[in-house]
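Inspection log for the structure reproduced underneath, given as structure tokens.
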Amino acid sequence: MTMQGKTAIVTGSNSGIGLGVARELARAGADVVLNSFTNRDEDHALAAEIAAEFGVKARYIAADMSKGDQCRQLIEDAGGCDVLVNNAGIQHVAPIDEFPVEKWDAIIAINMNSAFHTTAAALPHMRKRGWGRVINIASAHGLTASPFKSAYVAAKHGVVGMTKTVALETAEEPITCNAICPGYVLTPLVEAQIPDTMEKYNMGRDEVIKKVMLERQPSREFATVEHLGGTVCFLASDAAAQITGTTISVDGGWTAL
Ligand code: NAD
């Protein structure tokens, strides 16, 4: 499977799944554009490391995915792309009647609206190139719910709905749009939920991981960023040319329950 000559933009990719996905795309030969809202030396260094390790072009472009104009500008600054991976995301956990409005707005903007803006900006470039893949990193929470995650669940269900719509709008073109729905992956986003959960359930770290987090993941194992990267590479491959408008769960059986 070679992605040589293809350019992939991965939003929110200086950490976690996004970085893992960018690395796997680069391993497959794609030139990659990394992104986050920060503009630190270490962000640019990540891109340089990927370029050196895999012999591809890699660069980092700072853009805040909570701002529609910056989402669109990212695509233009990158000169368009063949593969767009909408991955940027944040989490906040609270009962809906106590959910901070600014957290609700930020989650909807970053986890859902950003995919609207980037996709709208990227499609004309894909059409010019005559090929394209839009791959949205949704979540098991795009298909099911958990208490206290109203904004996240709403945003991820929204992304799954948008995925189907974009697939229908591009169905007669050599462009596909799909969503990947990961279960728990041990990244900084999940790591940040552990202390509160330990306090809430009065449990130690290992107990929280096994009994609370992985309780819904029948494999009792975290998915890895490499699993997610491999799934993105598959969806970007020619073998997946007729896969569009669907979700692929990478969740150790969570949504089979
Ligand atoms: P993470 O916190 O490690 O990574 C999130 C990335 O998004 C980071 O690179 C961060 O810099 C970036 N980001 C945050 N706000 C941004 C903004 N305003 N503009 C640009 N970039 C921004 O988290 P992760 O676990 O790797 O999550 C990545 C995606 O995977 C998210 O959409 C998340 O919802 C989804 N996901 C994660 C899990 C999991 O268990 N980790 C499960 C299902 C879905």
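Things worth noting here:
- Nearest 10 degrees, 0 to 90: helix 114-129 Cα axis against the chain principal axis: 20
- Residue 73-residue 205 pseudo-label distance in nm [points 7 Å out on the Cα-to-Cβ vector]: 3.9
- Of 52, 236, 62, the one that fluctuates the most in a GNM where the chain has Cα springs shorter than 10 Å: 52
- Tail weight of P(r) past 24 Å, computed on alpha-carbon pairs of the chain, percent: 44
- Axis angle, to the nearest 10 degrees, between helix 150-169 and the longest C-alpha principal axis of the chain: 30 degrees.
- Scalar couplings 3J(HN,Hα) for the stretch 181-188, obtained by applying the Karplus form with A = 6.51, B = -1.76, C = 1.60 to θ = phi - 60°, are 10, x, x, 6, 10, 7, 10, x Hz; x denotes Gly and Pro.
- The calculated FRET efficiency for residue 52 paired with residue 131, based on their beta-carbon distance and R0 = 30 Å, is about 0.65.
- Computed over the chain: relative contact order in percent, which uses C-alpha pairs under 8 Å that are six or more apart: 20
- Unsatisfied cross-links (Cα-Cα over 27 Å) in the set 57/149; 57/164; 128/156; 6/164; 149/211: 57/149; 57/164; 128/156
- Here the gap between residue 165 and residue 196, fully extended at 0.36 nm per residue and compared with their Cα-Cα distance, gives a gain of 7.5 nm.
- Per residue, the convex hull spanned by the Cα atoms of the stretch 1-94 amounts to 95 cubic angstrom.
- Helix-only arithmetic for the chain: the sum of -39500 (n - 2.57) across DSSP H runs with n ≥ 4, divided by the residue total, places the mean residue ellipticity at 222 nm at -12500 deg cm²/dmol.
- Sequence-separation-based contact order of the stretch 24-111, relative, with Cα cut under 8 Å and 6+ spacing, percent: 25
- Modelled spin-label separation between residue 91 and residue 242, with each label point placed 7 Å from Cα along the Cα-to-Cβ direction: 3.7 nm.
- In the chain, the longest principal axis of the Cα atoms and the axis of helix 225-236 are about 40 degrees apart.
- Exposure rule at most 13 other beta-carbon atoms within 10 Å, DSSP loop GluC sites (Glu not before Pro): the chain longest free segment: 1-171
Quick note: the coordinates plus some simple rules give every number you see, no bench work behind them. Nothing here was measured: the structure is a model prediction, and the numbers come from that model. As a convention, Cβ positions derive from the backbone with ideal geometry for all residues, glycine included, and neighbour counts pool all protein chains shown.
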